[in-house]
Amino acid sequence: MKDLLIIGGGFAGINMAWQAHVHGLSFDIADTFNKRSSTAIAAGLINPVTGRKFSLQWNMDALLSTSIRAYKGMETLFNKPLIYPHTILRLFTEESKNHWEKATYQPGIQDYTEEIQDMADTFPQALAPLGGIRIKNALRVDTEALIEGFQHVFPAHILQKNISYDELPAEKDHWCYQDREYKNLIFCEGIHGKQNPYFPELAFKPAKGECLHARIPGLDTTYILQKGVVLIPVRKDLWWVGATNTWDDMDTSVTAASGKFLEDGIRSITDLPYTIESHLAAIRPSMRDRMPVVGVHKQHNTMYILNGLGTKGASLAPFYAERICDHILQGTPLPEHVSPYRFVKA
């Protein structure tokens, strides 16, 4: 009998499997690893300061240390680079400059930021007449390398399919799938969790995100550039451009309106010529309160969920996967603020 069956192979599932490996737990993971999933097309950005109003990400020191430990460990095992340090240049607009002036009063934000009065001294190719800020200690996870590395190292642990809920009968003290038995079942299924009958109380508010891959010859820097959209260097001349957020369109087809928005964003950052290589879309699993769901089922104490990571899967998944492993092995309480039952009225 194995220790874990993990349903879903995005950021949540892969990090859950990694924590199982690190802690000596046996596991299988079920996923078809769709190349157009929200994880597969994600930027993999770990950004300490996010949003229109420059909010310092919650628990950032712990999230950074846990993420670095996890992805560096996977780098060593997979024998390929996965995680890259970056500095973000966030270029001011009139609106964002006003937000920044208020954001500077946040405790701890100065540890991650530095204001730049004259962007020409830092990166003259950027269109930033109002200046901007430098965001330090950002990281990027190469999602393509992460998924490929995991598949290469753990092929015997991968069930290459989507398992339906009625294929998982519960025995007295374990779970079954065909001829396999598991002590614990962990749902990391992303947007598919909307149909999960075991956790019907989840308040999903999924968001469609679209991104581009753009070839921008001459834009030669390791800086991540942000001004409305985010430009992230992937390799020479190739940039990830994103991302949009829409809540009223759950079709995974790309749209002309989002493509135009993203291209306008490129032009607001640089006047260099560019070409679009791809335009992609996926649905992110977000919750109504924009917090993840991490917890154990009320009736089935060997059933867990790790979902709702939204745009912060790269940073949240290592931290909460580690919390679940600590709970399974040591009985450490799981954080109440991310309980899957927080949406149920008392």
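The values are calculated or read from the model by the stated rules, or taken from the named source; none is laboratory data. The structure displayed is predicted, hence computed values, not measured ones. Glycine gets a Cβ as well: all are built from the backbone with ideal geometry, and neighbour counts include every protein chain shown. Protein only, heavy atoms only, side chains kept; ligands, DNA and RNA dropped before computing areas. Shrake-Rupley method; radii C 1.70, N 1.55, O 1.52, S 1.80 Å.
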field: In the range 315-337, the residues that are touching a strand residue (DSSP E or B) at 6+ places or on another chain (Cβ under 7 Å) and not in a helix (DSSP H, G or I)
entry: LEU334, PRO335
field: Failed criterion for GLY73 (all others in (1) closer than 19 Å to LEU309 by Cβ; (2) of a type in the set (Gly, Ala, Ser); (3) in a helix (DSSP H, G or I) hold)
entry: (1)
task: For the range 143-151, indicate whether the set of residues that are farther than 30 Å from HIS300 by Cα, crowded, with 19+ Cβ neighbours inside 10 Å and over 20 Å from the mean Cα position of the chain (by Cα) is non-empty.
output: no
- request: Restricting attention to the range 49-99, report how many residues are under 24 Å from TYR320 (Cβ atoms), of a type in the set (Ser, Thr, Tyr), open to solvent by 10 Å² or more (accessible area, probe 1.4 Å) and at pLDDT 95 or above.
  value: 3
- line: Flagged in the range 283-299 as more than 13 Å from the chain's Cα centre (by Cα) and among the β-branched types (Val, Ile, Thr), in numbering order, are VAL293, VAL294, VAL296
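Restricting attention to the range 160-190, which residues are in a strand (DSSP E or B) and closer than 14 Å to VAL293 by Cβ?
Scanning the range 160-190 gives ILE186, PHE187.
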statement: Of the candidates ILE276, ILE269, the one satisfying the condition of being crowded, with 17+ Cβ neighbours inside 10 Å and at pLDDT 95 or above is ILE269
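Please count how many residues of the range 221-232 are touching a residue at least 40 places away in the same chain (Cβ under 8 Å) and either surrounded by fewer than 15 Cβ atoms within 10 Å (Cβ to Cβ) or closer than 18 Å to TYR84 by Cα (or both). Step through it out loud before you land on a result.
Looking only at the range 221-232, we keep the residues that are touching a residue at least 40 places away in the same chain (Cβ under 8 Å), and these are 221-230, 232.
The next check asks that each one be either surrounded by fewer than 15 Cβ atoms within 10 Å (Cβ to Cβ) or closer than 18 Å to TYR84 by Cα (or both); those that pass are 221-226, 230, 232.
Number of matching residues: 8.
Which one is nearest to the chain's Cα centre (by Cα) among residues in the range 171-186 that are within 18 Å of LYS298 (Cβ to Cβ) and of a type outside the set (Lys, Arg)? Show your work before the answer.
Going through the range 171-186, the residues within 18 Å of LYS298 (Cβ to Cβ) turn out to be 172-173, 175, 184-186.
Going one step further and asking which of them are of a type outside the set (Lys, Arg), we end up with 173, 175, 184-186.
On the way: ASP173: 33, TRP175: 28, ASN184: 24, LEU185: 22, ILE186: 18 Å.
It comes out as ILE186.
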query: If you go through the range 233-266 one residue at a time, how many are more than 18 Å from the chain's Cα centre (by Cα), among the aliphatic types (A, V, I, L, M) and open to solvent by less than 10 Å² (accessible area, probe 1.4 Å)?
result: 3
message: Which of the strands (runs of 3 or more DSSP E) found entirely inside the range 191-303 contain at least 1 residues meeting this: closer than 30 Å to GLU167 by Cα?
response: 207-215, 275-284, 293-296
query: Only one of (1) in contact with a Leu (Cβ under 8 Å, 6 or more places away or on another chain); (2) assigned to a helix (DSSP H, G or I); (3) of a type outside the set (Ser, Thr, Tyr) fails for PHE343. Which number is that?
result: (2)
